[in-house]
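Working notes, structure below.
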Amino acid sequence: MKDKKSVTNQSGLKRNKKGQIIGGKPPAGFNVHPENRSDGRWKKENSFSYQYNRFLNMTIAEFETWNKETKKKERSVAEDLASKRIKASKESLPDVKEITDRTEGKAKQTIEADIKGGIDVADPKTLTSLLKIARIVNAKNTTDDTAPAEQG
């Protein structure tokens with residue numbers, strides 16, 4: 001049976017029964033943990049598009065060699081997922097589509113619309129909407145005038 005006390009005291013800090021730190025805050029910040037620092041730069045190597053292009057530019061022999069020789073500990077997540085997607089694309093059309101969309105851009109799609117009809121002014125809802133629009137336009141036009149027109 002395990003003790004209710006903490007098994008390890010890795011941080012060296014004293015804690016109460018609830019596990020809260022007693023006597024201040026835990027050491028934090030980049031001065032204590034410089035390994036957590038990020039230079040804030042985006043790396044193209046971490047993107048799927050980059051990895052897809054990289055693997056597509058390899059010969060089949062190079063890709064197979066990379067797959068065999070590069071251990072999972074050495075691979076980034078993007079490399080691992082992209083290599084699996086490339087392998088699956090030999091058998092799967094959705095995988096081919098995903099890869100080509102990412103590397104070459106989505107195919108142009110044309111949309112045709114055949115719009116017929118008009119405004120039914122006999123419809124009370126349409127008439128109400130038109131009146132609201134007319135009021136808004138009229139109000140805008142009256143506020144846009146810099147000086148009232150003189151009659152005379």
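We did not get these values from a lab; they are worked out from the coordinates using the rules stated. It should be emphasised that the depicted structure is a prediction, and the values quoted were computed from it without experimental measurement. Cβ coordinates were reconstructed from backbone atoms using ideal geometry, including for glycine residues, and neighbour counts include every protein chain displayed.
Structure data summary
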quantity	calculated
Gain on full stretching of the segment that runs from Ala122 to Ala139 - 0.36 nm per residue minus C-alpha separation	3.6 nm
Where GluC sites (Glu not before Pro) fall in DSSP loop in the stretch 74-137, at most 16 other Cβ within 10 Å	Glu74, Glu91, Glu112
Separation in nanometres of the label points that stand 7 Å from Cα toward Cβ, at Ala107 and Ala28	5.2 nm
Separation between Cα centres of the stretch 114-131 and the stretch 73-111, rounded to whole Å	48 Å
Fewest-first ranking of Thr100, Thr142, Thr110, using other Cβ atoms within 10 Å as the exposure measure	Thr110, Thr142, Thr100
Listed residue pairs exceeding 31 Å between alpha carbons, taken from Lys43/Lys71; Lys43/Lys90; Lys43/Lys87; Lys73/Lys108; Lys17/Lys73	Lys73/Lys108; Lys17/Lys73
Listed residue pairs exceeding 24 Å between alpha carbons, taken from Lys44/Lys97; Lys44/Lys72; Lys116/Lys140	Lys116/Lys140
Relative exposure of Arg54, Arg41, judged by other C-beta atoms within 10 Å (fewest first)	Arg41, Arg54
For Arg15, distant residues with modelled amide H under 5 Å away	Ile22
